[in-house]
Amino acid sequence: MTYATIMVNLASDQSNERCLAIAGEMAGRFDARVVGIAAAEFSPPLYFTSGEQADKMIGRGREAIEARLSELESEFRKVMNRGTKQVEWRSSMEIPIQFVSREARAADIIVIGQSRGGVFTDPFARVNPSDLVMQAGRPLLVVPEAVSWLDLRSVLVAWKDTPEARRATVDSLPLLRKAKDVTIAEIVEDGGSREAALNRTNDVVAWLSQHDIAANALVPEEISTRDAAAALDGIASSIAAGVVVAGAYGHSRLREWVLGGVTQHLASESTRCVLLSR
């Protein structure tokens, strides 16, 4: 298993420098094809009018979007033409999440920049990773703005005995094979057994060894689960993790997927790259 096709999503209203750099780096590591993708849609202002004036406003708005998508293509090709063997560009004038989640079928993994502002992003201008991970059917590599390279010296797998964590671990196998150190960590929830958690994490370590990946298990003895996101950050810091691998957890509310607190934190506030999968 490898990442043969890497898709990198570009936002129209924020910097794409970091995620482009990491997508290019991944293309080199995995000898992969790279697909650049972007979409945006004109959003009428609250004071929207009608008639000829409205037609002119819509026309100018759509022209501006077309120009911005062209700029993004140039930005993408400038970075990828430095050494990437195969590149492709896809863009559309529509709601970004609709376009990117549909086109995700063409990729093994999607590199996406962390959205400034967390859940409060402009859906007409960029894709929120929290939304995309629930719809794409592909793993995401979420790149914070402060990260300039893909640090695989230490990778943390945030283990939880759920289908989401198992899927994320499988989806991360190509990255784990490139990592120097891999840690499988589980936070024991209130009332849980540390011995049972060690058995679970050791099972994952043994499974990874069958894929020629050396890993170690970590189950902290005393850790507060009241703020699981902070606890996970603490573990990541203690092992100097450059990447965190985690399942994306959520629940359905009125037909909408709502992410849990830890997943939302990883998608929008982490200071390190995060591979999310569902």
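We did not get these values from a lab; they are worked out from the coordinates using the rules stated. Every value quoted in this text rests on a predicted model; they were computed, and no experiment measured them. Backbone-built Cβ (ideal geometry, glycine too); neighbour counts: all protein chains shown.
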- Note on the structure: The exposure ranking of I22, I95, I184, fewest beta-carbon neighbours within 10 Å first, is I95, I22, I184
- Item | Exceeding the 31 Å Cα-Cα cut-off - candidates K160/K180; K78/K160; K85/K180 | K78/K160
- Kindly provide the Kirkwood hydrodynamic radius of the range 154-277 in Å, to one decimal, from all pairs of distinct alpha carbon atoms. 14.6
- Query: Could you work out the helix-only [θ] at 222 nm for the chain, with each DSSP H run of four or more residues adding -39,500 (n - 2.57) and the total divided by the number of residues, to the nearest 500 deg cm²/dmol?
  - Reply: -12000 deg cm²/dmol
- Query: If you bin the C-alpha pair distances of the range 5-143 every 10 Å from 0, what whole percents do you get?
  - Reply: 12, 43, 31, 11, 3, 0
- Task: For each of R200, R194, count neighbouring Cβ atoms within 10 Å of the residue's Cβ, then give the residues from fewest to most.
- Result: R194, R200
- aspartates and glutamates near K56 by alpha-carbon distance under 20 Å, same-chain residues fewer than 8 away left out - which ones? E41, E66, E94
- Note on the structure: Mean separation of Cα contacts under 8 Å (at least 6 apart) over the residue count of the chain, i.e. the relative contact order in percent, is 21
- Message: Using only Cα atoms and rounding to the nearest 10 degrees, what angle (0 to 90) does helix 194-209 make with the longest principal axis of the chain?
- Response: 70
- Message: Under 8 Å for C-alpha pairs, at least 6 residues apart: give me the relative contact order for the range 5-143, rounded to a whole percent.
- Response: 35
- Fewest Cβ neighbours within 10 Å first, please rank S15, S92, S130 accordingly. S15, S92, S130
- Query: Got a sec to turn the phi values of the range 64-75 into Karplus ³J(HN,Hα) couplings, 6.51 cos²θ - 1.76 cosθ + 1.60 with θ = phi - 60°, whole Hz, x for Gly and Pro?
  - Reply: 5, 5, 4, 5, 5, 5, 5, 4, 5, 4, 4, 4
